[in-house]
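Colleague: I'd like to ask you about the structure that follows.
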Amino acid sequence: MIETPTRPPAGKKVSPVQPASGATTPQQQSAPEPGELIDTSKMSEGQRAALELTEAAREQADALSFASGLFMGSFDFPAEFPLQSTEDRDQGDAFLQKLEKLLREKVDPDEIDRTGEIPQEVIEGLAKLGAFGIKISPEYGGLGLSQTNYCRAAMLLGSYCGNLTALISAHQSIGVPQPLILFGTEAQKRKYLPRVAKGEISAFALTENNAGSDPATMVTKAEPTPEGDAFILNGEKLWCTNGTKAGVLVVMAKTPAKVVNGRSKDQITAFIVETDWPGVEIKHRCRFMGLKALYNGVMTFKNVRVPRENILLAEGKGLRVALTTLNTGRLTLPAACVGLAKKCVEITRRWASERSQWGAPIGKHAAIADKLARMAANTFAMESMTLLAASMVDRDKHADVRLEAAMCKMWGTEQAWEMVNEAVQVRGGRGYETAASLKARGEEGVPLERFLRDCRINTIFEGSSEIMRLFIAREALDPHLKVSGAVLNSKLPMSVRLKAAMKAGMFYLRWYPKQWLPRGGAQGSLFRKHLSYAARTSRRLARSLFHAMVRMGPKLEREQLLLGRFVEIGTEIFAITATCLRARALLAREPANPDHAGLPAMVDYFCTASRLRIEEKFRAVTKNSDRAGYRVAQQLLSIPKNGAANGH
Ligand SMILES: Cc1cc2nc3c(=O)[nH]c(=O)nc-3n(C[C@H](O)[C@H](O)[C@H](O)COP(=O)(O)OP(=O)(O)OC[C@H]3O[C@@H](n4cnc5c(N)ncnc54)[C@H](O)[C@@H]3O)c2cc1C
């Protein structure tokens, strides 16, 4: 639910998947100061402030992660998909069985949707199971389950009830537990983790009326008291999920600016705030198109005294807290989307075989068969990407998965929306009818109408699709910016730029020819051709990105649609890789499992379809209507407010 047009911070460590052995990455060279990377001289004040703030919140990664390597042509995929160990799986199963029982016996998602309320009994039931502390260590009263098991829980919830998914996810993925696990002092952990693990609901408050995707425009303020032992918080936060039920919040606020290199720099600080403190109020409960039982509110803070010890990480590091929290927090939504997508496949599969029109089950008609195949294959891909990213976190809590998670979020939420939409289409008029109405006239209450309303928000919050593309693009460009950003930065003295040009020349003399050389292909025979294509295409992607940089220079940063295509190609390569490797691992582990019989054909189909999408995007890099479209939009924007938009 936070976005930034630039990129989030990285932990110091990287994912277990390292770049091509021996390859020198720009990260290993001495990194320039953030201000040297991007030329801000032609930006408006607002653009510069937003960029500088988010750039300052970033940390440097030591090396390329698997996904960022894709954009540099150093495609180093793991030899084997890290399937969940039996021990970890058993631990997860024990919890999931209880959760599933609770959902089956106590939760009626259509009733929750109709009333706009989650029964207290359900919230208490979830708390009793430990569902509010899935990843919190047992030392602090939680279940201590892995990221993979947490994702599996999100899949189960996502297949059942969007409102419960949002309650649990906003609490755990962005609310108090995750930033506290990552950044809390021991005293903060001892004080708050047992409370939130037991079921005291938490929330995350960043968004304001004028600060949506751009946190730099935030106006909520926290001023230090004269004694300096506390801050006085004033402001208003919009759309705070769980806010109307929460006992404790993470609140982002501006603290006094600091002078850095002679310039005043805004500071954003993250505070843990208890909702029963004087001055905290719920001004309004917001209601939405879907997620009718979201406890989402406008929260006001009037002279709230927050002790200094409730600062998370440090004064001025709030954005870093928020961005790092989201690195793994962002995996929850795509996991929930996997659950939803599986449900859609199940509904579509049944209906496509039961329903006959024009003398045959509708699944026999090619137009419907195509939808079913696409839904099933994309669901498997989405699950493979999410589980691969989750396994990286399980191997190393500080793994740099920000790109993988962002790709899962962007691709997964867009696919899920597409799939629910297609499932509605396959069910025809029944897809559009509410579950209650279907039931009332004696049919099965299939809740696709609710699914469609509930899942629309997924491409908007926790980083909108547009912002995710910018976010990933910033990451993809980072190695190049580190090498050549200073060369193109007109704000820097010529001597600095010349020195940078020599360094960049040396780097590209070595790097560029390598992007044309054939390299060792994929190991193993199953799906080898797809994995080899992915490796080859990663180098083609690196070359195309480089050519675009040479063609456009610093302007490339502003070419959102072009960069978006590179991001989509990188994401498809990630999807092909995760899909092939997971299918290969599943088939190797259980060759006789009848559930896996259709896997090779489905994986082949997914990779062929993905390849076609990739080729189309490469073509559009040079042949597109981007500029013409931009001109039309600007013409429309120039029409006075009350003028007719099309004038016809
Ligand atoms: C149901 C719901 C729950 C939420 N929960 C929380 C919560 O718990 N905590 C919290 O802090 N916030 C929460 N939010 C806020 C949510 O994260 C924001 O809606 C989101 O950040 C987008 O901000 P905005 O709506 O102001 O859109 P804007 O930032 O105004 O964006 C409008 C449109 O412009 C696009 N856009 C913006 N900037 C750019 C750019 N530079 N380039 C290209 N396109 C751009 C966006 O993608 C979007 O399509 C919630 C919102 C909703 C609706």
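Colleague: Out of curiosity, is Phe271 within 16 Å of the ligand (Cβ to nearest atom) and over 25 Å from Lys191 (Cα atoms)?
Modeller: No.
Colleague: Can you find, within the range 188-206, the residue that is nearest to the ligand (Cβ to nearest atom) among those that are of a type outside the set (Phe, Trp, Tyr) and buried (at least 22 other Cβ atoms within 10 Å of the Cβ)?
Modeller: If we filter the range 188-206 for residues that are of a type outside the set (Phe, Trp, Tyr), which is where we start, we get 188-191, 193-203, 205-206.
Now restrict to residues that are buried (at least 22 other Cβ atoms within 10 Å of the Cβ): 193, 196-197, 201-203, 205-206.
Numbers: Leu193: 20, Val196: 15, Ala197: 20, Ile201: 12, Ser202: 10, Ala203: 6, Ala205: 6, Leu206: 3 Å.
Among residues in the range 188-206 that are of a type outside the set (Phe, Trp, Tyr) and buried (at least 22 other Cβ atoms within 10 Å of the Cβ), the one nearest to the ligand (Cβ to nearest atom) is Leu206.
Colleague: Now for a different question. Return the residues of the range 215-224 that are open to solvent by 20 Å² or more (accessible area, probe 1.4 Å) and out of contact with any Gly (no Cβ under 8 Å at 6 or more places or on another chain); say none if nothing qualifies.
Modeller: Matches in the range 215-224: Glu223, Pro224.
Colleague: Output the number of residues of the range 317-337 satisfying the condition of being among the small types (Gly, Ala, Ser), modelled with pLDDT of 90 or more and touching an Asp or Glu at 6+ places or on another chain (Cβ under 9 Å).
Modeller: 1
Colleague: Could you tell me whether Phe507 is of a type in the set (Phe, Trp, Tyr), out of contact with any Gly (no Cβ under 6 Å at 6 or more places or on another chain) and open to solvent by less than 10 Å² (accessible area, probe 1.4 Å)? Outline the logic, then answer.
Modeller: Working: of a type in the set (Phe, Trp, Tyr): yes; out of contact with any Gly (no Cβ under 6 Å at 6 or more places or on another chain): yes; open to solvent by less than 10 Å² (accessible area, probe 1.4 Å): yes.
So Phe507 passes the test.
Colleague: If you don't mind, there's one more thing I want to ask. Can you give me the number of residues within the range 422-478 that are in contact with a helix residue (DSSP H, G or I) (Cβ under 8 Å, 6 or more places away or on another chain) and small (Gly, Ala, Ser)?
Modeller: Of the residues in the range 422-478, 9 are in contact with a helix residue (DSSP H, G or I) (Cβ under 8 Å, 6 or more places away or on another chain) and small (Gly, Ala, Ser).
Colleague: So which residues in the range 171-187 are closer than 13 Å to Ala314 by Cα and open to solvent by less than 10 Å² (accessible area, probe 1.4 Å), if there are any at all?
Modeller: Across the range 171-187, the qualifying residues are Pro179, Leu180.
Colleague: Kindly establish whether Thr220 is within 16 Å of the ligand (Cβ to nearest atom) and either farther than 22 Å from Glu274 by Cβ or of a type in the set (D, E, K, R) (or both).
Modeller: no
Colleague: Could I ask something else about it? Give the number of residues within the range 251-276 that are in contact with a strand residue (DSSP E or B) (Cβ under 6 Å, 6 or more places away or on another chain) and either open to solvent by 50 Å² or more (accessible area, probe 1.4 Å) or at pLDDT below 90 (or both).
Modeller: Residues in the range 251-276 being in contact with a strand residue (DSSP E or B) (Cβ under 6 Å, 6 or more places away or on another chain) and either open to solvent by 50 Å² or more (accessible area, probe 1.4 Å) or at pLDDT below 90 (or both): 5 in total.
Colleague: Return a yes/no flag: does the range 236-247 have any residue that is among the β-branched types (Val, Ile, Thr), away from the ligand (no atom under 16 Å from the Cβ), open to solvent by 20 Å² or more (accessible area, probe 1.4 Å) and not in a strand (DSSP E or B). Give the derivation first.
Modeller: So the first thing to find is which residues in the range 236-247 are among the β-branched types (Val, Ile, Thr), and the list is 241, 244.
Restricting the remaining residues to those that are away from the ligand (no atom under 16 Å from the Cβ) gives none.
The answer is no; no qualifying residue exists.
Colleague: Please go through the range 581-599 and give me each residue that is touching a helix residue (DSSP H, G or I) at 6+ places or on another chain (Cβ under 7 Å) and not hydrophobic (A, V, I, L, M, F, W, C), ordered by number.
Modeller: Scanning the range 581-599 gives Arg582, Glu590, His596.
Conditions tested, residue by residue: (1) over 29 Å from the mean Cα position of the chain (by Cα); (2) more than 30 Å from Thr386 (Cα to Cα); (3) more than 16 Å from the ligand (Cβ to nearest atom).
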position	(1), (2), (3)
Asp396	no, no, yes
Asp454	no, no, no
Ile467	no, no, no
Leu477	no, no, no
Gly485	no, yes, yes
Asn489	yes, yes, yes
Lys503	yes, yes, yes
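Colleague: Name the single residue, out of those in the range 466-518 being hydroxyl-bearing (Ser, Thr, Tyr) and touching a residue at least 60 places away in the same chain (Cβ under 8 Å), that is farthest from Ser532 (Cα to Cα). Steps first, please.
Modeller: Just the residues of the range 466-518 that are hydroxyl-bearing (Ser, Thr, Tyr), to begin with: 484, 490, 495, 508, 512.
Applying the additional criterion that residues be touching a residue at least 60 places away in the same chain (Cβ under 8 Å) yields 484, 490.
Values: Ser484: 30, Ser490: 41 Å.
Only one residue tops the list, namely Ser490.
Colleague: Can I ask one more? Which count do you get for residues in the range 227-264 that are farther than 20 Å from Gly212 by Cα and in contact with a Ser or Thr (Cβ under 8 Å, 6 or more places away or on another chain)?
Modeller: 7
Colleague: Taking Phe380 and the conditions (1) closer than 23 Å to Ala153 by Cβ; (2) within 16 Å of the ligand (Cβ to nearest atom); (3) aromatic (Phe, Trp, Tyr), which numbered condition does it fall short on, given that it satisfies the others?
Modeller: (2)
For (1) at pLDDT below 80; (2) under 30 Å from Gly524 (Cα atoms), each residue gets a yes or a no:
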site	(1), (2)
Arg58	yes, no
Ala63	yes, yes
Ala94	no, no
Glu121	no, no
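Colleague: Sort out for me the helices (runs of 4 or more DSSP H) sitting completely within the range 394-463 that have 3 or more residues that are of a type in the set (D, E, K, R) and surrounded by 24 or more Cβ atoms within 10 Å (Cβ to Cβ).
Modeller: Where helices (runs of 4 or more DSSP H) fall fully within the range 394-463 and carry at least 3 residues being of a type in the set (D, E, K, R) and surrounded by 24 or more Cβ atoms within 10 Å (Cβ to Cβ), they are 402-426.
Colleague: If only one of Leu233, Leu164 is open to solvent by less than 20 Å² (accessible area, probe 1.4 Å), within 16 Å of the ligand (Cβ to nearest atom) and not in a helix (DSSP H, G or I), which one is it?
Modeller: Being open to solvent by less than 20 Å² (accessible area, probe 1.4 Å), within 16 Å of the ligand (Cβ to nearest atom) and not in a helix (DSSP H, G or I) holds for just one of Leu233, Leu164, which is Leu233.
Colleague: Starting from the range 81-105, take each residue that is part of a loop (DSSP other than H, G, I, E, B) and list its partners that are among the hydroxyl-bearing types (Ser, Thr, Tyr), counting only C-beta distances under 9 angstrom and pairs at least six apart or across chains.
Modeller: Phe81/Ser384; Phe81/Ser391; Pro82/Ser391; Leu83/Ser391; Gln84/Ser146; Gln84/Thr148; Gln84/Ser391
Colleague: What number goes with the only condition from (1) open to solvent by 40 Å² or more (accessible area, probe 1.4 Å); (2) under 16 Å from the mean Cα position of the chain (by Cα); (3) of a type outside the set (A, V, I, L, M, F, W, C) that Thr332 does not pass?
Modeller: (1)
Colleague: Are there any pairs, at least 6 apart or on different chains, whose C-beta atoms fall under 8 Å, with the first in the range 132-151 and over 17 Å from Pro334 (Cβ atoms) and in contact (Cβ under 8 Å) with a residue 60 or more places away in the chain and the second surrounded by fewer than 24 Cβ atoms within 10 Å (Cβ to Cβ) and among the aromatic types (Phe, Trp, Tyr), and if so, which?
Modeller: Gly133/Tyr140
Colleague: For residues that are part of a helix (DSSP H, G or I) and of a type in the set (S, T, N, Q), tally how many sit in the range 172-219. Give the steps one after another, and end with the answer.
Modeller: The initial filter retains those residues of the range 172-219 that are part of a helix (DSSP H, G or I), namely 172-174, 177-183, 186-198, 215-217.
Right, trim to of a type in the set (S, T, N, Q) and you get 172-173, 178, 188, 217.
The number of residues fulfilling the criteria is 5.
The values are calculated or read from the model by the stated rules, or taken from the named source; none is laboratory data. All values derive from a computational prediction rather than experimental measurement. So basically every Cβ, Gly included, is an ideal-geometry build from the backbone, and we count neighbours across all protein chains shown. The protein model used for the area step is the full one, side chains on, heavy atoms only, and it has no ligands, DNA or RNA in it. Shrake-Rupley method; radii C 1.70, N 1.55, O 1.52, S 1.80 Å.
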